[in-house]
Every structure is written in C-alpha cells, then in structure tokens.
Amino acid sequence: MTQLHRKDILGLQDMSSEEIQLILDTAESYKEILSRSVKKVPILRGKSICTLFYENSTRTRCSFELAAKIMSADTTAVSTAGSSIQKGESFKDTLLTLEAMGMDLFVIRHSASGAPHFAAKILKSSVINAGDGMHEHPTQGLLDMLTIRQNKGRIEGLKVLIVGDIMHSRVARSNIWGLSKMGAHVRLCGPRTLLPAEIEKLPVEVYDNLDMALEDVDVVNVLRIQLERMNRGFFPSVREYSALFGINKDRLRRAKPDVLVMHPGPMNRGIEITPDVADGEFAVITEQVTNGVAVRMALLYLLLGGGGHVGSA
Amino acid sequence: MWALLRNGQVIDPFRDYTGTADVLIAGGSVAALIDRCDRERQSLRTILIQLDLDERDGQVFDCSGFVICPGLIDIHVHLREPGYEYKETIATGARAAAAGGFTTVVAMPNTMPAVDNGAVVRYVLDRGRETPIRVFTAGAATKANNGAEMAEIADMVEAGAIALSDDAFPIQSADLMRRVMEYARMFNIPILTHCEDKSMTQDAVMNEGLVCTILGLRPWPRQAEEIMIWRNILLADLTGCRVHIQHVTTRGGVEAVRWAKSRGIPVSCETCPHYFSLTDEALLTFDTNAKCCPPLRTSDDVEALKEGLADGTIDIIASDHAPHAQEEKEVEFQDAAFGIVGLETAVPIVITNLVKTGTLTIEQAISKMTAAPAKLLGLSGGLAVGSAADITVLDPNCEVVINSSTFQSKGRNTPFDGWKLSGKVVATIVNGEIVSGELKTVPIEDCC
C-alpha cells in the first residue's frame, strides 16, 4: 500500500491496519526532516490548510500548523474566539464560507463528538479530525503508536495499559482501535465511574486495580484527569484518585523493566503522574510531541500530496 | 350526498368486525355496512331508495384490495403552534395527519406559550376546527411546563382539553406528580406522561451502551426512563388516576407496565414506529434525524416492544410527530433538536415492521391506532351505522418509498427517508369528505 484511498481522516475505528502501517511508515521517513537545520520541503506548496478549532489546544494546533508550514502549505487558523462563530454563525456556514475561499484541507477540533463527520459530509475538501468531543483523536492515536513502534520495534503482541478517565477520553478510544488493529493487547484501568458502558465489548481487558493492571505491561499511557469532572461526582477527591490511580515509581516496578510511560498532555503533575515518572527514564512524553509533527506531516502528504512516493519530495 | 366505498376489507376494531363489505356514507355519517349477503339480497338501488337517497347524488368508489377502517387516531403529536410556527403549524400538521391517514390527533402542550390555561386550549381547538381533521389537545400539567406549580386543570378541561401531559418537561417531583394525579382524577382525564429522571440525563443525547461508548456521546441510560415509569405506576396505584406512559422504549419499561396491568393499576402505554424499527446503531453515522427523546435503544428492546405490542401490554401506537426546522438538525449532533416527524410514515412502518412480519395482525395494528386510543381518551369512532364517517382507506400491499421532500409537514426530520415500505394510505375521509388521497369511481350500474 502506497496511498491512502480516502478523502478524510475521521478516526481509527474505520481504518485498516494496512492504512495505519502506511501512515506510520510515511511519518517515520518524514521525521528526519525535523532534525534538519533548514526544516522546509516544498511538497505542499500552493495548498491551503485551515485549522478550525472550536476548543482550546496548544500541542495539536501548533503541531498541525508546524507540519503544514514545514511542507510549505499555507495555513489559516480559525478559532471560536475572534471569529464570526461568536456572532452565532453556524458550524455549517463557517465550513462553507472557508471552503469557498479555496481551502484544500480542514483540520478540525471540536467539543462535539461527530463534528468532523458532519464537516466531511458537507465539504468537498479533506477533513482531518484533530479531536472531537469524547469520540476520537486519531492523530494522537497514530503518534502514540509511532512512539511505541520506534521504542519497541513493534506493536504486535505488546501489552499496553491505558489509565484514567476512559469515559471522557477520545485519546483512549483512538488508542483502543489503533492498538488492537495492530495486534497489541489493550488493558484499561480507571474508576468505574469513568469507564463508559459496555466498554468491555471492545477488544480490551478492564481492571479495577492498578497494581494488577500494571503487571507485566510494556507501555503505560496515562490519561489526564479533568479536574472539573470531580464536581459531577465521578470521584470523591484528587487525593483519593491519586492514591488509587496515580502512576508513581513504586507502582511501575510491576511493569516490564523497560516499560514506556506515555501521556497525551497536558499533564497534571502530582495527580495522575508523579513528576519523577514524568521526567524519568521511562517517559517518552516529549518524544510523543515530536512524533506528532511527523505523523501530521505524513497525513497531510497522504491526503494532499498526490500519489507519488515520499522520496520524490 | 352519498358515497359508497365498495368491496374493501372492512376492519372495525371498535366492534371486532372484519369482513369484505361496502360502506355507505351519507350526510357525513356511516349509513350502512353492506356485506355480501346483503348485496345478494338487495341491490344498491334498493338500499338507496330505502334510505331515501337520490341515486344521482352520489358516487361509488372502488376499494377492491384495500382495507377500510375507522379514521386513525394519533394521541401524540407536536403541532408547535402557538410559538414555533417555523417548525409546524396546526394547519400544516393537520395536512400531514390527513396525508398519513389520521383523522384525529391530540396535540401536546409544549408550545410557547404552553397550553396551560383555557384560553390557549381554546386557541388550539379553534385553529384545529379550521383544518379538515379533528384536532384535540392535552393541557400542560404544570404552569408553563415549569414542573413546579399545577396548572389550572379545571379551566383547561372546561375549555376542552381531553388529557394532561408533561411531555418534554417531565415532572421531577414525585410529590407534585401525586397531587396532579389526585386533582386530575376529579375530572376523569388521564395523564400522558413522559418518563425521564432528568438527574440521570444531563446533556444526554443517545442510549447508553456500546454504540454510545464508541461514538463518545453523552449517555441516556434506560434506567432514567424506567425509574420514572415505575414511579408513575406506583403513583397511579396510590391515586387511582389513569396514567398513560408515553413512548415506552425499553424492555424494562414494557415489563413494568405488564406488572402494573397484572395488578389492576390503571396504566396504559404507547410506543412509536421508530422505537420498534430502529436501534441506536442508526446513530453510527451521527445522523441527527435519528436523534429523539427518549433515544433509540437496542435490538433487545425492539424485541421486547414487539412482544409488548403482541401481548397487549402496549395498548397504543402513536407517532410522537416532532417536526423541527432544517437548521435545528443540520448542526453538531449534541446540539441538534430531539425528534422525528411521524405522521406521514407511521402507516407504512406499522404495516411493514409489525403486520408483514407477523408481530401483529392487521386488525390488532389498526386497533392500536383507532379503538385503543379512542378508549383512553373517550373519543367516539368506529364504523357503526350513525357514526361520523371518519374513515381511512389503506392499501397494505402497495409499495411506497418514503420521500421527505413530499411531506405535507413542515418538518423533514425523518431517519426513514428513502426506505422502501409496504402500506399506502389511499384516502383519508373525515365526516364523509375525502380530505386527502383519492379513490377511483366506478359507474353505479356496475353495482346494481
């Protein structure tokens, strides 16, 4: 497979393992560009990319913008604040307006699950889902897999534990789909109140006890606990959450000796992850961020760059 | 003026009659039911003469292959007027009803202002009288549907309200619901209740379960519905008020009502075509036209609803016709309005998914859309001689393709667009007048 035969990247649920493989391979070859002194290639010259963000973001947005710029595409950033969205312009009209200006691709972050799907139906241009509600965050899932593959040499057969607020996490969902398609064994652990209904029907093993969940795992992906959840009674206190589900050095001993610790960010240091782990030898959290740029370059290329091989750049 | 509906399969659940017969309409009423034996004994001419009708002043309509039944009754429609005329008006809703085979509808009171006093009841009824069908209304159980203060129920009953409802604004306080029931009992009117524990459905948009988990949408657990069904059953038992559970969607809900009926508690219930025809998987594409409240459930629930329909636990099929404007559905899923238009799709869905599948006989299906709702609300109907000639003529075997762009309703929000179904409404007759559809005439000589 050398090409993605699709207009949009909406999630990993409907993506094949061959497609994921292609994206990761492409990203790997692009990563080299990031270490050059002149980080610029002309592959997407003349292409217009719109980042449309209905929700706050630092890393995803900057990562997409940087990826586009490195590939010489022109980027336009639109966010809720300061746009006509605040005058009440609907999502549909916002999309049609921007498309009429000649956008080739939209990167969409939205607090509503399914918003990128809605956009993809309306638009002729490509759509990349940069995180929709609690649904999917496919580029995060891909960059997590790239990070695992680069460190472990493979994904297949690995035991990967995702810890924390699974219910509200689009990162968890994209990881579950992606990892299971690539042959990893996915474990989930978090408070029962933050595990969505019937999650055990997905290809996962669910644990209540973190120590048991950590036993022999190759990768731990720690999710951010959203403190505002506490007000809705999902767990009694940060203190108790940390005691039950916080990742610390001591607990990590149960995992494989070369365990990888990942976090999609932003982190609450001292709550879901202790600082010594976050900055420690097992953590690959900044590497994830770098891989994020590479994965997004790969996707932009595969959706916009045409059929040619990466090498022809 | 007379008209003869000739040679149809007459099904009258009001008196358990099924047979091939002719229905003679005169002066807006049913004048005679002429079965085969009658026809052999005497000619149409003779019958007309006996009834003092002028042969030249009438028409014969061929109904061969059609079902002739009492006019269908839908006790759960949102006509949106006053206040939301951009979604639907009483006039457009009535046209949709007529097109869908309904001769009588009961409007829900969640309008703006709410139907919470006699003046607004009279407004709705007056507007209804300007339409070709019969429009009744439920009154809001609480003032402005605020769920806090009882509305002036006597005033509304006096003005013509035939039921109370908390539809769309379920009364959360058990104590207030108890008092509403006690008070309503004085007027012997039922409460049509929307069962939802709002504390469990904050921001919820779809059935809790695997599909919801995959889509990352806010879950609407079945228990939010079932807890309130049980509460209202217990309050019906306490107060003796007739309680009608609207749009039952879950197996647990059906079981609760079955239990209540076995105990003799005065409870009835309805479900809607979308709940026994679709599951939450219809939302996998984030189709806002399949977003409704309560939400679409699972295939196990669909099974349970069909069992409940077949064993009589579910008395009534209502549409919960809920029209919305295009711009209220063409938005992000979580922001889209809840509701599905149902008046113009109910008949083919019921025939295809209940009758053709053998879940219900056509007599049972028609009963749940005529005699059962009439009994609940004390409405007249049926094809007995002397009854108002409110009649629906159906072709159960005709294939139809749902095309929302041809709807009489202003609402186009249906998940059934493009579905190929069996069952066509051929004509809708109110007071002896064809108000929608058409019938082929045949020369009177052919009958004499």
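The values are calculated or read from the model by the stated rules, or taken from the named source; none is laboratory data. Since this is a predicted model, take the numbers as computed values, not measurements. Cβ placement follows ideal geometry from the backbone for every residue including glycine, while neighbour counts extend to all protein chains displayed. Ligands, DNA and RNA are excluded from the accessible area calculation, which covers all protein heavy atoms including side chains. Shrake-Rupley method; radii C 1.70, N 1.55, O 1.52, S 1.80 Å.
Annotation: the stretch A:1-126 has a Kirkwood hydrodynamic radius of 15.9 angstrom, from the mean reciprocal C-alpha pair distance.
For B:436, A:113, the ranking by accessible surface with the largest value first comes to B:436, A:113, using a 1.4 Å probe. Between B:225, B:281, B:327, the Gaussian network model of chain B with springs among Cα atoms under 10 angstrom shows the greatest mean-square fluctuation at B:327. For the stretch B:252-287 versus the stretch B:383-405, the spacing of their alpha-carbon centroids is 25 Å.
With an a/c value of 1.5 or above and a/b not larger than b/c for the gyration tensor axes a ≥ b ≥ c computed over the alpha-carbon atoms, the stretch B:278-348 is described as oblate. Secondary structure note: in chain B, about 55% of the DSSP beta bridges are antiparallel.
When the P(r) is computed for the stretch B:27-69, the part past 15 Å accounts for 52% of the Cα-Cα pairs. Using a 10 angstrom cutoff on alpha carbons, build the Gaussian network for chain A and name the most mobile of A:150, A:21, A:86. In this elastic network of chain A, the residue with the biggest mean-square fluctuation among A:150, A:21, A:86 is A:86. For B:18, B:250, the ranking by accessible surface with the largest value first comes to B:18, B:250, using a 1.4 Å probe. Put simply, the C-alpha atoms of the stretch A:124-186 give a gyration tensor, and the ellipsoid matching it has half-axes of 21, 15, 9 Å, longest first. To the nearest whole percent, what portion of all C-alpha pairs in the protein assembly as shown is separated by more than 37 angstrom? More than 37 Å apart: 51 percent of the Cα pairs in the protein assembly as shown. Beta bridges per DSSP, both residues in the protein assembly as shown: antiparallel share near 35 percent. Measuring nothing but protein heavy atoms, the accessible surface of the protein assembly as shown at 1.4 Å probe radius is 49 percent carbon and sulfur. Hydrodynamic analysis of chain A uses the Kirkwood radius over alpha carbon pairs. Inserted into Stokes-Einstein at 37 °C and 0.692 mPa s, it gives a translational diffusion coefficient of 165 µm²/s. If you line up the long axis of helix A:138-152 against the longest principal axis of chain A, both from Cα atoms, how many degrees apart are they, to the nearest 10? Roughly 60 degrees between the two axes. Compared with the dominant principal axis of the Cα atoms in chain B, helix B:222-239 is inclined by about 70°.
Translational diffusion of the stretch B:71-377 was estimated from the Stokes-Einstein equation, with Rh taken as the Kirkwood radius over Cα pairs; at 25 °C and 0.890 mPa s the coefficient is 129 µm²/s.
Of all beta bridges that DSSP places with both ends in chain A, some 5 percent have antiparallel geometry. Sparsely packed loop sites in the stretch A:77-132 (the trypsin sites (Lys or Arg not before Pro) outside DSSP H, G, I, E and B with at most 12 other Cβ atoms within 10 Å) comprise A:124. As a size descriptor, the averaged projected area of the C-alpha convex hull of the stretch B:203-258 was calculated at 4.2 nm². When chains B and A come together, the accessible area they lose, probed at 1.4 Å and totalled over both chains, is close to 1900 Å². Rolling a 1.4 angstrom probe over the protein heavy atoms with all chains in place gives chain B an accessible area of 36 Å² per residue. Within the stretch A:5-35, the trypsin sites (Lys or Arg not before Pro) that combine a DSSP coil assignment with at most 15 other C-beta atoms in a 10 angstrom radius are A:6, A:7. Candidate cross-link partners of residue A:124 among the lysines, defined by an alpha-carbon separation under 24 Å and a same-chain spacing of 8 or more, comprise A:7, A:47, A:69, A:92, B:329. Using a loss threshold of 30 Å², tell me which positions in the stretch B:285-304 are less accessible in the complex than in their chain alone. Probe radius 1.4 Å, ligands and nucleic acids ignored. Hits at the 30 Å² cut-off: B:286.
Distance from the C-alpha centroid of the stretch B:337-373 to that of the stretch B:86-109: 17 Å, rounded to the whole angstrom. Taking A:2, B:213 and ordering them by how much accessible surface each has at a 1.4 Å probe, largest first, produces A:2, B:213.
Just to confirm the number: angle between the C-alpha axis of helix B:118-129 and the first principal axis of chain B, 0 to 90 degrees, nearest 10? Tilt of helix B:118-129: around 40 degrees.
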